[in-house]
Amino acid sequence: MRNKKLLKEINIWVYIIPFLVVIVLFSMGMYSSVSQKLKENYEHFKDDAVDAARSYSFSLKKSDEAATIIESLLDERLVAAGKTVMLVKKSFSQTAVKALADSLEVDQVCVYDSSGTIIYSNIDSYVGWKAESGHPVHDFIISGKDVSLDKIRADTISGEYYKYAYYKLASGEFVQIGISAMEVRKVLGDFEVGKIIDELNEDPDIDQISLINKEQIILESSKPETIGTRIDIPEAAAAVYEGKETGSIVRSGSNILYNSFIPLRRAGEIIGVLYVSSQEREAAYLAAIELKNSIWILAIVLLSTGGIVLMLYKNSRNYIRLAYYDQNTGLPNQESLLYFLDGLRKEEKWTGGIMMLNFSYLTNLSLLYGSDYAEKVFAEIAFKVKKIIENECTVFRTSRDRLIIYCENFVFGNETCFELNRISDLFKNVTFSDQNIYVPVEIGIAQLTEGEADPQKLLRKALIAMSRTKENGGVSYQYFNSEMEALIERENIIEKEILTSIKDEEDGKEGSVNAFFQPQTDAVTKKITGFEALARMKSGTLGNVSPAEFIGIAERKRLITPLTKLIIKKTSEFIRQMKETSGKAVHVAVNISGADLMRSDFIEDLTALVDNLGIEMSDLEFEITESLFMDDFAMSNEKLGFLRDAGALISLDDFGTGFSSLSRLRDLNVDIVKIDKMFIDNILVKNKDELIIPDIISMAHKVGLKVIAEGVETEAQRDYLVEAECDTIQGYLFSRPVKSSEALEMLLRE
Ligand code: C2E
Ligand code: CA
Ligand code: CA
């Protein structure tokens, strides 16, 4: 049924959405913190790489300077040696050349002929070697120069490094002087790229280090397999051409590569770029550590917020369960029903009908077997009702013994109404409880009428209809109709009349409720022996309202006790007037309702009231209907005993209509038996031998009770009663109930 969503239920999204928001925000925060950390790591790494490259650059510069100094020292020695050689005048010989090399402290002295062939050398094996075209010696020959200094170079024959100087002699021959440069090479070798690369590669933060040239080709690398490949990264080009220190982070899949490019300079010129990178393992490892920490925090946040949200959700759900659902049956309760009906009203779906199912029989079960048992039976009822009707309708438990069923497609007033038929079939054919009992149900049906979308009114209609069903021990139902409403309207007016009367009485004003008094006379002497106070209502709007009607309403609306007090007050005024004017006072009987007698403070209250009013208990008589004894005999009888002890008379009203047997009279705390009018009416109708009046009277007399006959309208009835030895007579024959002033006059006339 589509309206089910109007039931009060917890909205889980209210809890899930904030939870998700917290988690998403937190994850975003964590993501940015992790990437921030990674960025910081990269910065560190870059700084390290730059430092390394700078120190390398610096070393190169220093090594250049050192080389220059050493070379100039070697040059000075070679120039000095050359000058000495030029001074040699005699011709050379192998011995002379060797001596010369020793005296000059140089490593090589070679004498060439003009064709470039060594003719003398301090190293014997060199003699006869000829400089070919393209060799530095050959270059010197063809240059036409007299003196030349070579750069440090490898010796063609030995391969060892030397610095050479050449001097042309006047003879056309020339001399080559060489000084070993191995020591110099050793010093400079420390600054070789490969060596630097190896050293830097030992830094655990650096994964790969390479030297690239201007063409971005790797010349040297800690990963030899990459030598000769081209680095195609824009930052590398920028470093080469603009001489800037550049960096980049390259992501490929899960790998992150940190790159740094630091230009290398020699004598102010860029000679290449140092390419340093920290790759995969380091970056991934750092990221993993960060992530691991973050995941822990995320897990804690997830668990704690999840826990809190779950707790809140459960609390709210429990609250909703408690507030909007019946614990025993699990059905939505009265609150839910109002919420539901309000939803129908707001969504303008005010159609269909409701059935109010009342199970007054459950009260009996509760009295007989206890309320737990009754609850169990109710749960069974609820379950079965729900089962047969749930798809079409929504079932609510609105009170201890009541269900309300809302049916969207209910066709009002239709005798063959599907939902109603189902319900009545259930209660007609199915038994409940372990005792297999048929549960009687009273059903009030009301329609959701357009233009009158008022939940309270609707429920009232169903209640009115329900209250008009006849308790017939089976299934009885009533559709609400407007006559019922008129009746209720009348009840409301009467209720208000009663209320204002009570209020008026308290304020000392004359209200619409008054007491009339009907004389009771001695059957034989016809003298007044007492009066019965009877309540009268004269309503401004409704006119005279019979006590049979307004007393019933007062009882239902719990106004009977103040009303009884009002009558007792009027009665006390009448008694005081009697005492004042006639000097004698007869008993005045006041009718006591069952609801009065049931009150725990009834005796106290009544005693105090009588005291207050300045009359005696012995001035009063209390009329109790015999049905009252049925409910709680011991308690009622005890209370009546108190009143009797205090001096009041007790009479048993409407005797014969109820169930108490004559034999029981002995046990009752009563003084008078009041034979119901029904028996008196029979006097004129039935055969004398069918009448039980004489039996009642003699039985009552036997147990010491007086007998009064009420509703005596004819002389014939009176004659009969006199013959049957009835003590007192009350009825229209003598007088109708009259105003207190009239009653007083009657008494005075005697
Ligand atoms: P009830 O206590 O049985 O009162 C006797 C009723 O019979 C009275 O009706 C009275 O007017 C009427 N009656 C008396 N003699 C005759 C007669 O000869 N012929 C006919 N046809 N009727 C006669 P009333 O005053 O209409 O009261 C009806 C019932 O309302 C009373 O029945 C009593 O049960 C109740 N009632 C009246 N006043 C009070 C009251 O103050 N308190 C309570 N609790 N109930 C009251
Ligand atoms: Ca009475
Ligand atoms: Ca009566």
If amide H atoms are modeled at 1.01 Å from N in the peptide plane, then the residues at a separation of 5 or more from V88, or on another chain, having amide H under 5 Å from its own are none
Percent relative contact order for the stretch 1-145, counting Cα pairs under 8 Å at least six residues apart, stands at 10
Applied in sequence order to the stretch 518-528, the curve 6.51 cos²θ - 1.76 cosθ + 1.60 (Karplus, θ = phi - 60°) yields integer Hz couplings, x standing for Gly and Pro, of 10, x, 10, 10, 5, 4, 8, 7, 6, 7, 5
Heads up, the stretch 675-748 by the C-alpha gyration tensor (a ≥ b ≥ c square roots of eigenvalues; a/c under 1.5 rounded, else a/b over b/c prolate, else oblate) looks oblate
Cys residues of the chain with no disulfide-compatible partner (no other Cys Cβ under 4.7 Å) are C110, C417, C726
Close lysine pairs (the stretch 368-457; alpha-carbon distance under 24 Å; 8 or more apart or on separate chains) counted at 7
Helix 633-645 sits off the longest principal axis of the Cα atoms of the chain, rounded to the nearest 10 on a 0 to 90 degree scale, by 50
Measuring from the longest principal axis of the C-alpha atoms of the chain, the long axis of helix 455-467 (C-alpha) lies at a number of degrees, nearest 10, equal to 40
Checked the stretch 76-162 with the C-alpha gyration tensor, a ≥ b ≥ c its square-rooted eigenvalues, rounded below a/c of 1.5, otherwise prolate if a/b is larger than b/c and oblate if not; verdict rounded
Rounded to the nearest Å, the spacing of the alpha-carbon centers of the stretch 382-437 and the stretch 95-167 is 128
The farthest towards the positive end of the charge dipole of the chain, of the residues V670, I697, F174, given +1 on Cβ of Lys and Arg and -1 on Cβ of Asp and Glu, is F174
Filtering GluC sites (Glu not before Pro) in the stretch 432-491 by DSSP loop and by at most 10 other Cβ atoms within 10 Å leaves E450
Under a 1.4 Å probe, counting only protein heavy atoms, R536 has an accessible area in Å², nearest 10, of 70
Magnitude of the Cβ-charge dipole (Lys and Arg +1, Asp and Glu -1) of the stretch 81-131 about the Cα centre, nearest 20 debye, reported as 240
Here the relative contact order (percent) of the chain, from C-alpha pairs under 8 Å and at least 6 apart, is 7
Taking the dipole of the chain about the Cα centre (Lys, Arg +1; Asp, Glu -1; charges at Cβ), the one of T95, A288, V685 that reaches farthest to the positive side is T95
Rounded to the nearest 10 Å², the accessible area of L87 using a 1.4 Å probe with every protein chain kept is 130
In terms of the charge dipole of the chain, which places +1 on Lys and Arg and -1 on Asp and Glu at the beta carbon, the residue among Y339, A374, N421 farthest towards the positive end is Y339
Residues meeting the amide H criterion for Y477 (H placed from the backbone, H to H distance under 5 Å, 5 or more places apart or on another chain) are I443
Magnitude of the Cβ-charge dipole (Lys and Arg +1, Asp and Glu -1) of the stretch 446-515 about the Cα centre, nearest 20 debye, reported as 360
For the stretch 554-604 the trypsin sites (Lys or Arg not before Pro) that pass both the DSSP coil test and the at-most-11 other-Cβ-within-10 Å test are R558, K584
Where a ≥ b ≥ c are root eigenvalues of the Cα gyration tensor, a/c under 1.5 meaning rounded, otherwise prolate if a/b exceeds b/c and oblate otherwise, the stretch 305-421 counts as oblate
Eigenvalues of the alpha-carbon gyration tensor of the stretch 654-703, times 5 and square-rooted, give semi-axes in Å, largest first, of 21, 11, 9
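Please work out the average accessible area per residue across the chain, using the 1.4 Å probe convention, and give it in Å².
So the chain comes to 51 Å² accessible per residue, rounded to a whole number.
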Net charge near V175 (other residues with Cβ under 13 Å of its Cβ; Lys, Arg +1; Asp, Glu -1) is -1
Share of accessible surface on carbon and sulfur in the stretch 31-157, whole %, 1.4 Å probe and ligands ignored, is 55
Square roots of five times the C-alpha gyration tensor eigenvalues of the stretch 614-750, ordered largest first and given in whole Å, equal 24, 22, 12
Set K584/K739; K579/K674; K509/K570, cut-off 24 Å on Cα-Cα distance; pairs above it are K579/K674
P(r) over all Cα-Cα pairs of the stretch 372-515, 5 Å bins from 0 to the longest distance, whole percent per bin, short to long, reads 2, 8, 15, 18, 16, 11, 9, 7, 5, 4, 3, 1, 0
Measure of exposure for Y319: accessible area at 1.4 Å probe, Å² rounded to 10, is 140
Partner lysines whose C-alpha sits under 21 Å from that of K130, ignoring same-chain residues fewer than 8 away, are K98, K145, K151, K163, K168
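In what order, largest first, do F679, F340, F418, F26 sit by accessible area if the probe radius is 1.4 Å? It would help to have the intermediate numbers written out before the result.
Working: F679 25, F340 0, F418 95, F26 60 Å².
Accessible-area ranking of F679, F340, F418, F26, largest first: F418, F26, F679, F340.
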Once both label points are put 7 Å beyond Cα along the C-beta direction, the K503-V21 separation in nm becomes 5.2
Rounded to the nearest 10, the angle in degrees between the Cα long axis of helix 280-324 and the longest principal axis of the Cα atoms of the chain comes to 0
Net charge near D102 (other residues with Cβ under 15 Å of its Cβ; Lys, Arg +1; Asp, Glu -1) is -1
Lys and Arg at +1, Asp and Glu at -1: neighbours of E725 with Cβ under 13 Å from its Cβ sum to -2
Interchain or sequence-distant (5+) residues whose placed amide H lies within less than 5 Å of the amide H of T529 are Q520, T521, D522
Residue by residue through the stretch 711-723, the couplings from Karplus 6.51 cos²θ - 1.76 cosθ + 1.60 with θ = phi - 60°, in Hz, x for Gly and Pro, are x, 7, 10, 10, 4, 4, 4, 5, 4, 4, 5, 4, 4
Here the convex hull volume per residue of the chain, taken over Cα atoms and given in Å³, is 321
With all protein chains present, the stretch 502-571 has a carbon and sulfur share of its accessible area (1.4 Å probe) in percent of 51
For K639, the lysines lying under 18 Å Cα to Cα, once residues fewer than eight places off in the same chain are dropped, come out as K565
The size of the Cβ-based charge dipole (Lys, Arg +1; Asp, Glu -1) of the chain about the Cα centre, to the nearest 20 debye, is 1040
Taking the alpha-carbon centre of each part, the distance from the stretch 441-500 to the stretch 339-355 in Å is 19
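The values are calculated or read from the model by the stated rules, or taken from the named source; none is laboratory data. Quick caveat: nothing in here was measured; it's all calculated off a predicted structure. Positions of Cβ are backbone-derived with ideal geometry, glycine not excepted, and every protein chain shown enters the neighbour counts. SASA here: full protein model, heavy atoms, side chains in, ligands and nucleic acids out. Shrake-Rupley method; radii C 1.70, N 1.55, O 1.52, S 1.80 Å.
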